[in-house]
Amino acid sequence: MKFLTALLLLSSFAHAETLVIAVEDYPPHTSSHNPEHRRLQSPITSIFESLGYEVQYEYTSWARALKGVKSGKFDLTYPWFENKSRRNEFILSEPLMTQKVVFFHRSDSDFDWETRNDLKQYTLGAVVDYTARDVLIDMGLTPFTGNTDRYIFQLLYKGRIDAYPATVETGLMRIDQVLPPTQAQAITYHNKPLFEQDMYILFTKDKFKDSALPEQFNRLWREYLTSKEQQY
């Protein structure tokens, strides 16, 4: 808290240039309406403001956020897992956090898996441009792909797909947001992770390839993480 307060004081002396950040609701890390679900959003915003930027959020789908940052329409988006194409097409920050992706499924199903071959018997769901979809495809699987996790979770409840990979914390929160309580109670998750990776900010390359901003952010993010550790 002291670290963020100091950043806010610094930002009051800075000349503001606008940064347009594209995100989708990703509780508890980003939210268009709930301040308690801005675990990443609040400190990241404070850091950019301390560096002299006015921060403007564009709440959109993850697919549009990614496409918009790639084209330069938006300045950056977060949080994203790394893959080869993103490393080539964007400037990545240092890691923001580590997330574990697991399979969500109906609690009354017999879904279970240990190896890739086990997954071949199931109809798996995925969302366009999500890393989990790429992981499934790289495993030789063909997931049913939708445009939003809301749609995929609804299909999961209805039994039209068997399982859907999502990060544990966000998956549980999204289920409560997109399904009625009685339906949400019917969904659980498998403990075995599909993968566990770091997540990053993606900066548009055209604007920031010669900019000091990504490294300035990285330095302040490291300081923020250190200040958090010292609180415990």
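How much length is gained on full extension from K67 to F208, taking 0.36 nm per residue of separation minus their Cα-Cα distance? Intermediate values should be presented prior to the final figure.
Values: separation 141, 0.36 × 141 = 50.76 nm, distance 1.64 nm.
Between K67 and F208, full extension yields 49.1 nm more.
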Discussion item. Could you work out what % of the accessible surface of the chain is carbon and sulfur, using a 1.4 angstrom probe and leaving DNA, RNA and ligands out of the count?
Written reply: 47 percent
Item to complete: Step through the table entries K67/K228; K73/K120; K73/K158; K84/K158; K120/K158, compare each Cα-Cα distance with 31 Å, and write down the pairs that go over it.
Response: K67/K228; K73/K120; K73/K158; K84/K158
Worksheet item: Here are several values of volume of the Cα convex hull per residue in Å³: (i) 138; (ii) 428; (iii) 128. Which one was derived from the coordinates shown?
Response: (iii)
Discussion item. Leaving ligands and nucleic acids out of the surface, order E215, E24, E36 by accessible area at 1.4 Å, largest first.
Written reply: E36, E215, E24
Discussion item. What is the sum of charges, Lys and Arg at +1 and Asp and Glu at -1, for the other residues whose Cβ falls under 15 Å from the Cβ of A63?
Written reply: 0
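Could you give the length gained by full extension between E82 and T182, i.e. 0.36 nm per residue of separation minus their alpha carbon distance, to one decimal place?
On the way: separation 100, 0.36 × 100 = 36.00 nm, distance 3.55 nm.
32.5 nm is the gain from fully extending E82 to T182.
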Worksheet item: Taking the simple approach of a point 7 Å from Cα along Cα-to-Cβ for both D108 and V128, what is their distance in nm?
Response: 3.3 nm
Discussion item. As I understand it, the value is the acute angle between the Cα axis of helix 41-50 and the longest principal axis of the Cα atoms of the chain; what does it come to in degrees, rounded to 10?
Written reply: 20 degrees
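Evaluate 2.2 N^0.38 Å with N set to the residue count of region 99-197, then give the Cα radius of gyration divided by it.
Working: Rg = 12.1 Å, N = 99, 2.2 N^0.38 = 12.6 Å.
Rounded to two decimals, the normalised Rg is 0.96.
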Discussion item. If I take R0 = 45 Å and measure r between the Cβ atoms of T115 and Q216 in this structure, what FRET efficiency does the formula 1/(1 + (r/R0)^6) give, to the nearest 0.05?
Written reply: 0.55
Discussion item. Suppose R0 equals 25 Å. What FRET efficiency, 1/(1 + (r/R0)^6) with r the Cβ-Cβ distance, do E94 and T145 give to the nearest 0.05?
Written reply: 0.25
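The values are calculated or read from the model by the stated rules, or taken from the named source; none is laboratory data. In this text, all values refer to a predicted model and were calculated from it rather than measured experimentally. Ideal geometry is used to build each Cβ from the backbone, glycine not excepted, and the neighbour counts take in all protein chains shown. Heavy atoms of the whole protein, side chains included, go into the accessibility calculation; ligands, DNA and RNA do not. Shrake-Rupley method; radii C 1.70, N 1.55, O 1.52, S 1.80 Å.
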